[in-house]
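Asks: This is the structure I have questions about; it appears just below.
Quick note: the coordinates plus some simple rules give every number you see, no bench work behind them. It should be emphasised that the depicted structure is a prediction, and the values quoted were computed from it without experimental measurement. Ideal geometry is used to build each Cβ from the backbone, glycine not excepted, and the neighbour counts take in all protein chains shown.
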Amino acid sequence: MAYKILFSDIDGTLLNAERDLSELTVSEISRIREQVPVILVSARMPKQMYHLQDKLGIRNTPLICYNGALVLVDDNPIHSTEIPLNAIKQIVDFNENNPDGKFHINLFNTNSWYVEAYDYWAQREENNTKISPEIKSNRQVIKEWEAIQKGAHKITCMGDAALIEKAYRYFKEHLGEDLHLYRSKDTYIEIANKQVSKLTGIQKLLAHFNILLEEAIAFGDNYNDTEMIAAVGHGVAVANARDEVKAVAKAITVHHKEDGVAQYIRKVF
């Protein structure tokens, strides 16, 4: 089948061992980009993806950000789903009142990223994404967002594994019905509105351009890619993907460190 659009996860899928785009990936996407739009789909904020789009020559294409919570076309939102303020307050309250100590919280909305302190976790995230946070207290962010009725597209909690485990259990019990709580590491919780996923973001974008789900090909590696890989016309897992992703994929390409996406593009297109 001639696929009309290509979606790819970034970290662990499109990027190489240096967390960058290889020469082969750039050349293969450059080769097909005029015929097949290449859309980046990630938990990242928009401006954490711009430099990758620039390298690939696809800066004018849409973006699916925050695991589907924000979909941009021509840098304008066609879909946006936020974590409500009452949930953000509960997360911050728990952290401030925890007798075992506090963990690091990142609050994201569109291209704004707020942290309370430029600590180890903020520096690590900055190093990984090439973007710097704004230093502002969680309470101040909540106060400012409350005035304009704005929520978070994503929240991440980072810290000591025992603190994060305790927080995860609490959030699961008290907020689990309304929020996605995703753990890629024992020191990390990624939080989003339960109404969103990478698949919902893809569906919003495809409806906007009147393209069918069966006409899409997608690449992924992690739990949050599973629905997307299962639903599109041709879902491809990289060799390093979670077993759950491989189980629903129609094909498996080589490891992301061996340019799995580029190798598959070369074969199929």
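Asks: Select from Val232, Val248, Val38 the residue whose mean-square fluctuation is largest in a Gaussian network model of the chain (Cα-Cα springs shorter than 10 Å).
Replies: Val248
Asks: Between region 232-246 and region 15-73, how many Å separate their Cα centres?
Replies: 18 Å
Asks: While we're on this one: With n ≥ 4 as the cut-off for DSSP H runs, can you work out [θ] at 222 nm for the chain, using -39500 (n - 2.57) per run divided by the number of residues, rounded to the nearest 500? Please list the in-between numbers first.
Replies: Details: 10 runs with 97 residues, N = 269.
For the chain, the value works out to -10500 deg cm²/dmol.
Asks: State the antiparallel share, in %, of DSSP beta bridges confined to the chain, rounding to the nearest 5. Spell out each step's value before the answer.
Replies: Values: 25 of 42 bridges.
Given both bridge residues lie in the chain, the antiparallel proportion sits at roughly 60 percent.
Asks: If you build the convex hull over the alpha carbons only and average its shadow over all orientations, what do you get for region 85-193? Give it in nm² to one decimal. Intermediate results must be reported in sequence, preceding the final value.
Replies: Values: hull surface 25.6 nm².
The number I arrive at for region 85-193 is 6.4 nm².
Asks: Taking 8 Å as the Cα distance limit and 6 or more residues as the minimum spacing, I'd like the relative contact order of the chain as a percentage.
Replies: Numbers: 516 pairs, mean separation 59.3, N = 269.
It rounds to 22 percent for the chain.
Asks: Using θ = phi - 60° and the Karplus relation 6.51 cos²θ - 1.76 cosθ + 1.60, list the HN-Hα couplings for region 5-19 in order, rounded to whole Hz, with x at every Gly or Pro.
Replies: 7, 10, 10, 9, 5, 9, 6, x, 10, 8, 7, 8, 5, 8, 6
Asks: Here's a follow-up. Determine, from the Cβ-Cβ distance of Arg19 and Val248 and an R0 of 22 Å, the FRET efficiency 1/(1 + (r/R0)^6), rounded to the nearest 0.05. Mind showing how you got there, number by number?
Replies: Working: r = 26 Å, r/R0 = 1.17.
It comes to 0.30.
Asks: Separate question: Please name which of Pro46, Gly12, Gly57 has its Cα lying farthest along the dipole of region 1-57 towards the positive end, using unit charges on Cβ (Lys, Arg +1; Asp, Glu -1) and the Cα centre as origin.
Replies: So the residue we want is Pro46.
Asks: Assigning unit charges at the beta carbon (Lys, Arg +1; Asp, Glu -1) and nothing else, what dipole magnitude in debye, to the nearest 20, does the chain show about its Cα centre?
Replies: Values: 31 positive and 37 negative charges, 68 e Å.
That gives the chain a dipole magnitude of about 320 debye.
Asks: For the pair Asp119 and Lys185, how long in nm is the line joining their label points, each one 7 Å along Cα→Cβ?
Replies: Simple spin-label model gives 1.4 nm for this pair.
Asks: Compute from the Cα atoms of region 167-222 the Rg and the Dmax, the latter being the longest Cα-Cα distance, and quote both in angstrom.
Replies: Calculated on Cα positions, Rg and Dmax stand at 14.9, 42 Å.
Asks: Run the simple label-point estimate for Lys136 and Glu177 please: 7 Å along Cα→C-beta, distance reported in nm.
Replies: With each label point 7 Å from Cα toward Cβ, the separation is 3.2 nm.
Asks: In region 211-242, whose amide N lies under 18 Å from the spot 7 Å out along Cα-to-Cβ of Asn128? List them in ranges.
Replies: Correct set: 220-226, 240-242.
Asks: Taking the inverse of the average 1/r across all pairs of different Cα atoms in the chain, what Kirkwood radius in Å do you get? Don't jump to the answer; show the numbers that get you there.
Replies: Numbers: mean 1/r = 0.0527 Å⁻¹.
Taking every pair of different Cα atoms in the chain, averaging 1/r and inverting gives 19.0 Å.
Asks: Next question, about the same structure. With springs only between Cα atoms under 10 Å, which of Ile155, Ile211, Ile105 fluctuates most in a Gaussian network model of the chain?
Replies: Most flexible of the set in this elastic network: Ile211.
Asks: Consider just the alpha-carbon atoms of region 117-269 and return their Rg together with their Dmax, both in angstrom.
Replies: 18.3, 52
Asks: Still on this structure: Which one, Val238, Leu206, Ala249, is farthest towards the positive end of the dipole of the chain when Lys and Arg carry +1 and Asp and Glu -1 on their Cβ?
Replies: Checked the options; the winner is Leu206.
Asks: Still on this structure, please answer the following. I need the peptides 110-122, 195-207 ranked by packing, meaning the mean over residues of other C-beta atoms within 10 angstrom, with the highest value on top.
Replies: Most protected by this proxy first, the peptides run 195-207, 110-122.
Asks: Sticking with the crude label model, points 7 Å out along Cα→Cβ, report the distance from Lys143 to Asn76 in nm, one decimal please.
Replies: With each label point 7 Å from Cα toward Cβ, the separation is 3.5 nm.
Asks: If the label point is 7 Å along Cα→Cβ of Glu96, which residues in region 104-134 have backbone nitrogen under 19 Å from it?
Replies: In region 104-134, the label zone of Glu96 (backbone N under 19 Å from the point 7 Å along Cα→Cβ) covers 104-108, 114-118.
Asks: If the cut-off is 17 Å between C-alpha atoms, which lysines fall inside it for Lys267, apart from same-chain ones fewer than 8 positions away?
Replies: Of all the lysines, those that pass the test against Lys267 - Cα under 17 Å, at least 8 places apart if same chain - are Lys4, Lys250.
Asks: Among Met45, Met228, Met158, which one shows the highest mean-square fluctuation when the chain is modelled as a Gaussian network with alpha-carbon springs under 10 Å?
Replies: Maximum among the listed residues: Met158.
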